[in-house]
Amino acid sequence: MEIYISGYGVISALGNNVEETLQSLVSEKSGIKKGTQLHTRRFMVGEVPFSNDELKSTFHLKTAGSRTTLLGMVAAKEAFHGHELIPGVRTGLISGTSVGGMDVSEQEYRRFLVDGMCDLNRFSHHSSGTSTEEIAAEIGPFEFVNTISTACSSAANAIMMGARLIRKGTLDRVIVGGTDSLTSFTISGFRSLMIFDEEWCRPFDESRKGLNLGEGAGYIVLESEKSLLKTKKKPLAKLSGWSNASDAFHQTASSPEGHGAVLSMSKALQVAGIEANQISYINAHGTATPNNDLTESVAFKTVFNDVVPPFSSTKAFTGHTLAACGGIEAVISILSMTEGMLFPNLNHSNNIAEMGLTPVVHCSKNESILHVMSNSFGFGGNNSTLIFSKI
Amino acid sequence: MYYVQAISSITHQASFGTDNVFDVLTELEGNAGLISPNYTDYIHPSALRRLSPVLRMGIVAAKDCHAKISAEFDAISVGTALGCLSDTEKFLVTFNKSTGDVISPSAFIQSTHNTISGQISLELKNHSYNMTHTQNNVSFETALIDGMMCCDEGASSVLVGAADEAIGFLENIRSKVIHSSKPFTSGATFFVIGQKKTSVAIVDSVALNSMDNRSSEIDLFLTAHGLDRSAIGYVFTSDGQCMEGFSQHLDFTNYVGLYYTASAFGVHLAHDWLKVRKNHHALVVNEICPGKLGLTLLSSHEV
């Protein structure tokens, strides 16, 4: 059964919607800069340049929620724009998030620690499941609402779950993707792991030191063929392959041979029913940490038998948006096919010495791109691969 | 049918290692604690020291299931509503109180919801599909729906489970998140489903995010499986409401307390009630959060 993509939406440091995101990618303009908030100002981050109140007013959001939820509403609304809830089309929302309402909870918890008092009402937004229910309240109601929380592969896994539910016949149409906002919690967390780069991050570069964090949300709408006949939507692309595998090596580091990554890429190719050499472009996980980019490169060489297709990490544009990255990069992967473009891996000057792999360094137009592979890897050795195909 | 190959729970009941938990149920007293197994039988003491209650419970219940079947899991699907709360709180305290640039990352790296499923894969060196669902009170049901789908896709033994832990701070926000006076508790239930025929099977599970009327949703669910209320031998429910027409029911939160994935323990009770009764059905009804309904149907079989 074919799984069609009939909508997409995105917000990140690159722009407020798909069109702005494309323009930033084409102009090779990173959204990462010195942070402006109390908790971000010491770091290079990919911030969405709106306060929560500005998000509500600019995007006409009716439902209250954490910043994670508000960002999710903006992107999910864009993805679902032009769609209607109609009888006979069973529609769901599956969203990935790792922080949920932590941006709200951490402020109140800090007040609790300092003053022993805080606004307890605000903890009602905390749970990750609630953040998805709030997004559903804004654009739903939906028959099925589900949240996936597998750290940085959350959105990719939400997309996979949606595709499988359509294939099984449980749903006809589903909004899938993910959202995460910048929080003190995650900034302090990655700082404690000492994997921040104080400069712009440099994915797949010999001199890479670590990642820049970002925030945002990305969603796509998946539909069955039967559903398309009812919704009359024109599909943008297909989701043809997906897989999740466990590295089972370490809670935060990847195995030297990238075993989990090899498994997820290989199994996704099997699901898509294509050979490795049919992949036109890989949107890599490419966080710019020494460990990820080396092991992902090793895995590329294994899966593609040393003939690695054009690849890039777009995290030097957006920052690492954690649970949202699989959704944002799904939108970028679809744009790559619909626009016939390879998007660049910014800030690259020297290949990782022992790998000798050169990513795409400048935007390349007029390409024939038939199949795009997108990787998302998370804590817990959670490795996910999606394959998007041209219609 | 998704036949249950093994099941294991760590709760406020003497559920771990007990042949039939239904037979040994005792009403929860005021300050009754979690009844933990000897964790060092399953986890190396040096590793155990770093593990929060929810990780200990999840890993050990999963390992107990693993020991009971002679196969590796083809997929692992875990539900948790609030995830690793103690590590989350510990890291909030750590970074808020730190003055220097160096802070310990250990609580942070164990704070993500999928630490439970990830640590299970690490302990068992399992490279298969590994998923974590979090949807408030239907976190367990959504994980089960995923696990059943893995079986449909060809997996022959799928580990499905749920775990949640209580921290003291939850009491502070009780009235903001739940309408119940039952104590917040911790618990974990894991089980293995597959095609190999056993005496008890999961027939189906649904997680409804929006519904008009619980009673009619229950009837619709039963009708879809050719059943009515009189065909259900026992109902395991989160509150005892809408039970007209059912012959027997009990509220599982009276026995394990209140955690958002307690319906997984309801499935354990249903399993143990069914396994000594051939050709019966049992139903688990979970509306711990009002308006969000989880329903799970089980059946027993001649083997």
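The values are calculated or read from the model by the stated rules, or taken from the named source; none is laboratory data. Note that the coordinates shown come from a computational prediction; the quantities given were computed from them, not determined experimentally. Quick reminder, even Gly has a Cβ in these numbers, built from the backbone with ideal geometry, and neighbours come from all protein chains shown.
When the criteria are applied in full, B:Gly233 meets the requirement of being over 21 Å from B:Asp164 (Cβ atoms) and either in contact (Cβ under 8 Å) with a residue 40 or more places away in the chain or small (Gly, Ala, Ser) (or both).
Looking across the stretch A:107-138, the residues that are closer than 19 Å to B:Met211 by Cα and touching a Leu at 6+ places or on another chain (Cβ under 8 Å) come down to A:Thr132, A:Ile135, A:Ala136, A:Glu138.
Could you check, for the stretch B:23-39, whether at least one of its residues is out of contact with any Leu (no Cβ under 6 Å at 6 or more places or on another chain), surrounded by 12 or more Cβ atoms within 10 Å (Cβ to Cβ) and closer than 26 Å to B:Ser299 by Cβ? Among the residues of the stretch B:23-39, at least one is out of contact with any Leu (no Cβ under 6 Å at 6 or more places or on another chain), surrounded by 12 or more Cβ atoms within 10 Å (Cβ to Cβ) and closer than 26 Å to B:Ser299 by Cβ, which makes the answer yes. Among the residues of the stretch B:160-170, are any surrounded by 19 or more Cβ atoms within 10 Å (Cβ to Cβ) and more than 24 Å from B:Tyr255 (Cβ to Cβ)? Scanning the stretch B:160-170, I find no residue that is surrounded by 19 or more Cβ atoms within 10 Å (Cβ to Cβ) and more than 24 Å from B:Tyr255 (Cβ to Cβ), so the answer is no. Candidates A:Ile135, A:Ile166: the one that is more than 8 Å from chain B (Cβ to nearest Cβ), part of a helix (DSSP H, G or I), farther than 21 Å from B:Glu153 by Cβ and in contact (Cβ under 8 Å) with a residue 12 or more places away in the chain is A:Ile135.
Screening A:Asn291 against (1) surrounded by fewer than 21 Cβ atoms within 10 Å (Cβ to Cβ); (2) within 20 Å of the chain's Cα centre (by Cα); (3) within 13 Å of another protein chain (Cβ to nearest Cβ) leaves a single unmet condition, (3).
Being more than 30 Å from A:Ile139 (Cα to Cα) and either modelled with pLDDT under 95 or among the aliphatic types (A, V, I, L, M) (or both), is that true of even one residue in the stretch B:207-220?
So in the stretch B:207-220, the residues more than 30 Å from A:Ile139 (Cα to Cα) come out as none.
No, because not a single residue in the stretch B:207-220 is more than 30 Å from A:Ile139 (Cα to Cα) and either modelled with pLDDT under 95 or among the aliphatic types (A, V, I, L, M) (or both).
Inside the stretch A:229-252, residues that are crowded, with 17+ Cβ neighbours inside 10 Å and either without any contact (Cβ under 8 Å) to a residue 40 or more places away in the chain or under 19 Å from A:Ala158 (Cβ atoms) (or both) make up a count of 11.
For the stretch B:42-81, name all the residues that are out of contact with any helix residue (DSSP H, G or I) (no Cβ under 8 Å at 6 or more places or on another chain) and either within 12 Å of another protein chain (Cβ to nearest Cβ) or part of a helix (DSSP H, G or I) (or both).
Narrowing the stretch B:42-81 to residues out of contact with any helix residue (DSSP H, G or I) (no Cβ under 8 Å at 6 or more places or on another chain): B:44-47, B:49, B:57, B:61, B:64-65, B:67-71.
Within the stretch B:42-81, B:Pro45, B:Ser46, B:Ala47, B:Met57, B:Ala61, B:Asp64, B:Cys65, B:Ala67, B:Lys68 qualify.
Residue-by-condition table, conditions (1) under 24 Å from B:Val21 (Cβ atoms); (2) without any contact (Cβ under 8 Å) to a residue 12 or more places away in the chain; (3) within 11 Å of chain A (Cβ to nearest Cβ):
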residue	(1), (2), (3)
B:Met148	yes, no, yes
B:Ala163	yes, no, no
B:Ile167	no, no, no
B:Ile173	no, yes, yes
B:Ile178	no, no, yes
B:Val192	yes, no, no
B:Met211	no, no, yes
B:Leu220	no, yes, no
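If we scan the stretch A:109-127, do we find a residue that is of a type in the set (Asp, Glu), at the interface with another protein chain (Cβ under 7 Å from one of its Cβ atoms), surrounded by fewer than 24 Cβ atoms within 10 Å (Cβ to Cβ) and within 21 Å of B:Ala166 (Cα to Cα)? No - not one qualifying residue is present in the stretch A:109-127. Only residues that are out of contact with any Asp or Glu (no Cβ under 8 Å at 6 or more places or on another chain), buried (at least 22 other Cβ atoms within 10 Å of the Cβ) and not in a strand (DSSP E or B) were counted in the stretch A:309-327, giving 7. Please tell me if A:Val298 is at pLDDT 95 or above, crowded, with 17+ Cβ neighbours inside 10 Å, farther than 25 Å from A:Thr69 by Cα and over 20 Å from the mean Cα position of the chain (by Cα). In short, yes. When A:Thr130 is tested against (1) among the polar types (S, T, N, Q); (2) part of a helix (DSSP H, G or I); (3) more than 8 Å from chain B (Cβ to nearest Cβ), just one condition goes unmet, and that condition is (3). Identification of helices (runs of 4 or more DSSP H) wholly contained in the stretch B:82-136 with 3 or more residues that are more than 7 Å from every other protein chain (Cβ to nearest Cβ), surrounded by fewer than 20 Cβ atoms within 10 Å (Cβ to Cβ) and not acidic (Asp, Glu) yields B:85-97.
Summed over the stretch B:137-179, the residues that are of a type in the set (Asp, Glu) and in a strand (DSSP E or B) give a count of 1. Residues that are among the hydrophobic types (A, V, I, L, M, F, W, C) and part of a helix (DSSP H, G or I) do occur in the stretch A:335-350, at least one of them.
A single entry from A:Leu22, A:Leu61, A:Leu55 fulfils the requirement of being modelled with pLDDT of 95 or more and assigned to a loop (DSSP other than H, G, I, E, B): A:Leu61.
In the set (1) of a type outside the set (Val, Ile, Thr); (2) buried (at least 21 other Cβ atoms within 10 Å of the Cβ); (3) out of contact with any strand residue (DSSP E or B) (no Cβ under 8 Å at 6 or more places or on another chain), A:Ser207 fails one condition alone, (2).
If you take the residues of the stretch A:241-299 that are charged (D, E, K, R) and assigned to a helix (DSSP H, G or I), which of them is farthest from A:Ile3 (Cα to Cα)? Among residues in the stretch A:241-299 that are charged (D, E, K, R) and assigned to a helix (DSSP H, G or I), the one farthest from A:Ile3 (Cα to Cα) is A:Asp293.
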